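Here the structure comes first, spelled out in C-alpha cells, and everything after it is commentary.
The values are calculated or read from the model by the stated rules, or taken from the named source; none is laboratory data. Note that the coordinates shown come from a computational prediction; the quantities given were computed from them, not determined experimentally. Heads up, the Cβs are rebuilt from the backbone with ideal geometry, glycines too, and the neighbour counts pull from every protein chain shown. Remember, those area values only see protein heavy atoms, side chains included, never the ligands or the DNA or RNA. Shrake-Rupley method; radii C 1.70, N 1.55, O 1.52, S 1.80 Å.
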Amino acid sequence: MSGKILVGTASWSDPGFVERWYPNKMPASDRLSWYAQHFDLVEVNSTFYSVPETRMVERWCAATPNDFTFDVKLHQLFSFHSTKAKLLPPELQRRAETDAKGNIKSTPDLQEALLKRFLLPMSIIRDSGKLGVLLLQLSPAFSPRKHQLSELEPLSEMLSGYDLAIEFRNRNWAVGGQLDSTIDFVRKHRAIFVNVDAPESDHFTVMPSDVDKVTNSKVAYLRLHGRNAKAYVTGKTVAARFDYNYSDKEITEVAERSKKLAQETRELHVIFNNNNLDYAPRAALCLRKALGQIVRTPAETLELF
C-alpha cells in the first residue's frame with residue numbers, strides 16, 4: 001500500500017504569496033485559513049528565527065481544519081548557524097554568552113533551556129493533533145570535515161518523543177562512502193532523512209537530487225528548492241536563492257518521485273521551497289493535480305470589499 005502524500009509550501013506568508021497568490025486586500029489574519037483550503041500541510045519557517053508565542057500558535061490551530069498538518073522548523077541555534085542573542089526569548093538572552101561578533105556561544109545547557117521553551121508552544125499543536133515533524137535544517141558549515149554526526153545525538157535524544165527530520169545542507173554528507181554512514185545514523189536514531197530537489201551542481205552547499213532515502217516507516221520528506229544553480233549559490237536573499245518556476249514536465253517528474261517514496265512509508269511530506277513570487281503555491285497545486293488529489297483552484301483576481 002502506498003502512503004498518503006501531503007503537499008504544501010515552506011511558509012504561508014512570503015511577500016510573493018501575498019502579492020500574487022492570495023486574494024487582493026485579504027487581511028493577514030485570514031491568510032492561513034485560506035491557505036488551508038488548498039493544502040493539508042505547511043512548513044512553519046518563522047520558528048527558525050524565534051520561539052512563537054502561545055497565543056499565536058493557538059490562532060494557527062484555530063484557523064485550520066482538524067486534519068491539517070504543521071511541520072515546524074527548529075530554531076537556528078540547534079542547526080549550527082551563527083545566531084544573535086536577540087533571536088532568543090528574552091529570559092534566555094540574559095543567560096547567553098556571546099563572542100566578539102555578537103553571536104551566541106552555544107552550550108548544552110542553553111540548548112536544553114531553549115528546547116524546553118520551544119516545545120511549550122509545540123505542545124499546543126501536538127495536542128490539537130496537527131503537529132507533523134520538527135525540521136532540523138543544518139548549516140552548510142556542518143560538514144564531515146569539521147563535524148561528527150554524533151554531535152546531533154543530544155538533540156535527537158531530547159526529541160525522542162517527536163518525529164525529527166534532518167536536512168543536511170553540505171553535500172559531502174550524501175556522496176561517496178559517506179552517504180551510507182549518514183543514512184545509517186539517521187535510521188538508527190529513528191529520524192527522517194530529508195530528500196531534496198535541487199539544482200545540478202557540485203557546489204558543497206547543494207545536496208544531490210538523486211538520493212531517495214526513507215529512514216522512518218512513519219514519515220518521509222521531500223523538499224523542493226528549485227533548479228536555478230547560479231541563484232542557489234550566489235543569491236543574497238532567500239527569494240533570490242530559490243528563484244525557480246517548475247515546468248509541467250518537471251512537476252510530472254516530481255509526482256513520479258513522490259509516488260515511489262510514498263511506497264516505503266505511511267506518509268510523505270512534500271514541501272515546495274522555491275519561494276520567489278508565487279512559484280511555490282502554484283507548483284504545489286500543480287503537483288496535487290498531477291497526483292490526482294482534489295484541488296480548489298484559487299481565483300486569479302478576487303477583490304475583497
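Of the accessible area of the chain, with the probe set at 1.4 angstrom, what percent is carbon plus sulfur?
Of the solvent-accessible surface of the chain, carbon and sulfur hold 48 percent.
Just how far, in whole angstrom, is the range 160-198 from the range 1-30 if you go by their alpha carbon centroids?
Between the Cα centres of the range 1-30 and the range 160-198 lies a distance of 27 Å.
Output wanted: per-residue J couplings in Hz (rounded whole) for the range 77-83, from phi through Karplus 6.51 cos²θ - 1.76 cosθ + 1.60, θ = phi - 60°, x for Gly and Pro.
Couplings: 4, 7, 10, 6, 8, 5, 10 Hz.
Going through the range 126-155, which trypsin sites (Lys or Arg not before Pro) have at most 14 other Cβ atoms within 10 Å and a DSSP loop state?
ARG145, LYS146
Compare the peptides 274-282, 22-30 by average per-residue count of other Cβ atoms within 10 angstrom and give them in order, highest first.
The most tightly packed comes first, giving 274-282, 22-30.
Filter the trypsin sites (Lys or Arg not before Pro) in the range 189-253 to those in DSSP coil with at most 11 other Cβ atoms within 10 Å of their Cβ, and list the result.
LYS236
Taking a quarter of the surface of the Cα convex hull of the range 147-305, what do you get in nm²?
The number I arrive at for the range 147-305 is 11.9 nm².
Residues of the chain: accessible area per residue at 1.4 Å, in Å²?
Here the residues of the chain average 48 Å² of exposed surface.
The chain: longest stretch without exposed GluC sites (Glu not before Pro) (DSSP loop, at most 16 other Cβ within 10 Å), sites themselves excluded?
Excluding the exposed sites themselves, the longest stretch runs over 98-199.
Determine the calculated [θ] at 222 nm for the chain from helices alone, applying -39500 (n - 2.57) to every DSSP H run no shorter than 4 residues and normalising by the residue count; nearest 500 deg cm²/dmol.
Estimated from H runs of four or more residues: -9000 deg cm²/dmol.
What number, in percent, do you get for the relative contact order of the chain if the mean sequence gap of Cα pairs under 8 Å and at least 6 apart is divided by its residue count?
23
Computed over the Cα atoms of the chain, what is the ratio Rg over Rh, Rh following Kirkwood?
Using Cα coordinates only, the ratio equals 0.94.
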